[in-house]
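This report refers to the structure that appears directly beneath it.
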Amino acid sequence: MITVHHLNNSRSQRILWLLEEIGLEYEIRKYERDTTTMRAPKELRDIHPLGKSPVITDGDLVIAESGAIVEYLVDTYAPGLKPEAGTAAHREYVYWMHFAEGSLMTPLLVKLLTGQIEKSKAPFFAKPIIKQVANRLRDGFVDPELSSLFTFIESHLDRREWIAGDAFTGADIQLTFPLEAAVARGGLDSRYPNLTAYVARMHARPAYQAAIERGGAYGIVGS
């Protein structure tokens, strides 16, 4: 039996979705973020030394990192959720699997962190400097980078239903978390109609909705 060590409002939600798409039986062990630090609880270190989610156990195997988990589950239980090796679609699949965390998630995380830095406690005389640094980082790097990335994906999705072509794959699941974060806090809006329609297609899938029901509150959606 596969166990998903599921942290609320985290990347592990997409692992639940993948398992629902595959139709595998699984159990969920739920963990809650610290309400002050928003960090994962120490109990997750008992499963994996880094103490982060997602992590799954499948028999004696312990697998961490979203991309590694998606690849393991697809390769082992649902090879139909990836294109045939050697095809153009497979090259697209591999690219977007890595793009999700390698290119897209980094500026989104920086945007989140700059917002938190601005809200953090600091001496009154330091606040203008902190705000200026955060604004320069956003204006000079984060927002232009996100605009470039969104425009790139928007163009790629022109006349495509899913990210690697006409077929739904694990790469679509891997992209959900950064795209949902982008909708919530990263400036992904109606200026990108192909992208917003793509996210809506993800959310409309019965397996996605079943995963939300099983996983519990998922604050990144509708934030």
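The values are calculated or read from the model by the stated rules, or taken from the named source; none is laboratory data. Not measured: the values here are computed from a predicted model. Neighbour counts are summed over all protein chains in view; Cβ atoms, including those assigned to glycine, are modelled from backbone coordinates with ideal geometry.
The table that follows gives values for the structure above.
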{"item": "Residues (small (G, A, S) and crowded, with 18+ Cβ neighbours inside 10 Å) located in the range 155-206", "result": "A164, G170, A171, A181, A182, G186"}
{"item": "Answer residue from the range 1-51, given it is assigned to a loop (DSSP other than H, G, I, E, B) and crowded, with 20+ Cβ neighbours inside 10 Å and is farthest from the chain's Cα centre (by Cα) among those", "result": "A40"}
{"item": "Some residue of the range 44-58 being among the small types (G, A, S) and under 22 Å from A78 (Cβ atoms)", "result": "yes"}
{"item": "Residue in the range 73-85 that is in contact with a helix residue (DSSP H, G or I) (Cβ under 9 Å, 6 or more places away or on another chain), in a loop (DSSP other than H, G, I, E, B) and surrounded by fewer than 16 Cβ atoms within 10 Å (Cβ to Cβ) present", "result": "yes"}
{"item": "Residue match in the range 78-85 (condition: in contact with a strand residue (DSSP E or B) (Cβ under 8 Å, 6 or more places away or on another chain) and not aliphatic (A, V, I, L, M))", "result": "yes"}
{"item": "Test: L7 is modelled with pLDDT of 95 or more and under 23 Å from L175 (Cα atoms)", "result": "no"}
